Amino acid sequence: MKATKKAPNSEINLREAQRQAVGAARVVGELMRRNLAAKKRANTVTQHDIKLELDVRSQKLIEKKLRAAFPQTALLGEEGVAGNSDSAYRWVVDPIDGTVNFAYGIPHACVSIALQRENPKAGTETYADGYATLLGVVYDPFADELWTALRGQPARLNGRIIRVSKRRNLQEAIVSIGFAKSRETLEATLPYFLELVHQVRKIRIMGAAALALTYVATGRFDAYIERGIRLWDIAAGGLILQSAGGDFWQQPAGPDHTYRMIASNGLLRRQLRVPD
Ligand code: LIP
């Protein structure tokens, strides 16, 4: 029986947590803007993925800021864990989502920060591991677009309330699809891609999950599908999508916080699937 984390002495002030997360995202955003065209040092390179030294440096910056403000919380990031693992609260961080784009100087990448709580209030939707997302921040420093959401409140883009699209038919839909990082996921997803491409208006493969989720939340895309995606790619964007009236379906699909996911405006949900 998985041990439940002990309840925190005091609940976190979510407005203050959001303010700190936005501050951290803007600091890393500035670093990304300064380095977009610069030569970047890669720590690891595989056929379908690159991990940069800047990914690690950016996560350290975020850790420093969030841990100074909330020393009692845990942090789960793409570049490792930190903080108090006994805490019922955890930050879920992707310091640079869309790293391969960023490595090539393609200005389509972002910072993604979410705050989750284990065993939230009764009736709060959780992931399979018992955590619920309470706040989400996604910042695209190249378009200077900041998406925010607090659970139970409307999602916002640069302060303005956003809503998903009202498109009901796949024929008029723009659907984004991701192929993750492995040959296995590529081969599993390609057959569905070949089927879907004939059913929709357009398919877009953009390479940054958090931005694909916020684009659905903003009504720019009508749906986004990916298999083999990680929690830190989707936690913040998933809450932003739900808070904009969208449907966010996710299911564990492997070790280390791996998921398969269908994000949509809700009206298209039944017409979509995600490869097994
Ligand atoms: C990326 C995701 C993208 C996926 C890539 C990669 P990263 O995250 O945002 O959707 O297709 O394989 O996982 O590695 O740039 O944070």
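The values are calculated or read from the model by the stated rules, or taken from the named source; none is laboratory data. Here the structure is a predicted model, which is why all the values come from computation and not from measurement. Positions of Cβ are generated from backbone atoms using ideal geometry, with glycine treated the same way; all protein chains shown enter the neighbour counts.
Of the strands (runs of 3 or more DSSP E) contained entirely in the range 190-276, those carrying at least 1 residues that are within 13 Å of the ligand (Cβ to nearest atom) fall at 202-204, 223-230, 258-264. When the residues of the range 167-188 are filtered to those that are among the polar types (S, T, N, Q) and within 18 Å of Gln271 (Cα to Cα), the one that is surrounded by the most Cβ atoms within 10 Å (Cβ to Cβ) is Ser176. When the residues of the range 173-185 are filtered to those that are more than 19 Å from the chain's Cα centre (by Cα) and modelled with pLDDT of 95 or more, which remaining residue is farthest from the ligand (Cβ to nearest atom)? Among residues in the range 173-185 that are more than 19 Å from the chain's Cα centre (by Cα) and modelled with pLDDT of 95 or more, the one farthest from the ligand (Cβ to nearest atom) is Ala173.
Quick check: anything in the range 189-208 of a type in the set (Gly, Ala, Ser) and surrounded by 19 or more Cβ atoms within 10 Å (Cβ to Cβ)?
Within the range 189-208, one or more residues are of a type in the set (Gly, Ala, Ser) and surrounded by 19 or more Cβ atoms within 10 Å (Cβ to Cβ).
Could you tell me whether any residue of the range 162-172 is among the polar types (S, T, N, Q) and part of a loop (DSSP other than H, G, I, E, B)? For the range 162-172, residues among the polar types (S, T, N, Q) and part of a loop (DSSP other than H, G, I, E, B): present. Scanning the range 15-47 for residues that are within 16 Å of the ligand (Cβ to nearest atom) and surrounded by 13 or more Cβ atoms within 10 Å (Cβ to Cβ) turns up Ala25, Val28, Gly29, Leu31, Met32, Asn35, Leu36, Lys40, Ala42. Taking the range 76-99 as the range and being within 16 Å of the ligand (Cβ to nearest atom), outside any loop (DSSP other than H, G, I, E, B) and under 19 Å from Gly237 (Cα atoms) as the test, the residues that pass are Leu76, Gly77, Trp91, Val92, Val93, Asp94, Pro95, Ile96, Asp97, Thr99.
Quick one: is Thr133 more than 26 Å from Ile50 (Cα to Cα), surrounded by 23 or more Cβ atoms within 10 Å (Cβ to Cβ), of a type outside the set (D, E, K, R) and away from the ligand (no atom under 11 Å from the Cβ)? For Thr133, the condition - more than 26 Å from Ile50 (Cα to Cα), surrounded by 23 or more Cβ atoms within 10 Å (Cβ to Cβ), of a type outside the set (D, E, K, R) and away from the ligand (no atom under 11 Å from the Cβ) - is met. Could you please let me know if Arg260 is of a type in the set (D, E, K, R), closer than 13 Å to Gly178 by Cβ, over 12 Å from the mean Cα position of the chain (by Cα) and surrounded by fewer than 24 Cβ atoms within 10 Å (Cβ to Cβ)? Judged against the criteria, Arg260 is a match. Restricting attention to the range 118-157, report how many residues are part of a strand (DSSP E or B) and of a type in the set (S, T, N, Q). Total meeting the criteria: 2.
Each row is one residue, and each column tells you yes or no for (1) modelled with pLDDT of 95 or more; (2) in contact with a Lys or Arg (Cβ under 7 Å, 6 or more places away or on another chain); (3) surrounded by fewer than 23 Cβ atoms within 10 Å (Cβ to Cβ).
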{"position": "Glu226", "(1), (2), (3)": "yes, no, no"}
{"position": "Arg230", "(1), (2), (3)": "yes, no, yes"}
{"position": "Asp233", "(1), (2), (3)": "yes, no, no"}
{"position": "Leu239", "(1), (2), (3)": "yes, yes, no"}
{"position": "Pro252", "(1), (2), (3)": "yes, no, yes"}
{"position": "Gly266", "(1), (2), (3)": "yes, no, yes"}
{"position": "Leu272", "(1), (2), (3)": "yes, no, yes"}
{"position": "Asp276", "(1), (2), (3)": "no, no, yes"}
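Comparison of Ala24, Ala37, Ala68 shows that the only residue that is modelled with pLDDT of 95 or more and part of a loop (DSSP other than H, G, I, E, B) is Ala37.
A search for C-beta distances below 9 Å between a residue of the range 201-221 that is under 12 Å from Ile174 (Cβ atoms) and any residue that is part of a helix (DSSP H, G or I) and within 8 Å of the ligand (Cβ to nearest atom), counting only pairs 6+ apart in sequence or on different chains, returns Arg204/Ala212; Met206/Asn101; Met206/Ala212; Phe221/Ala212.
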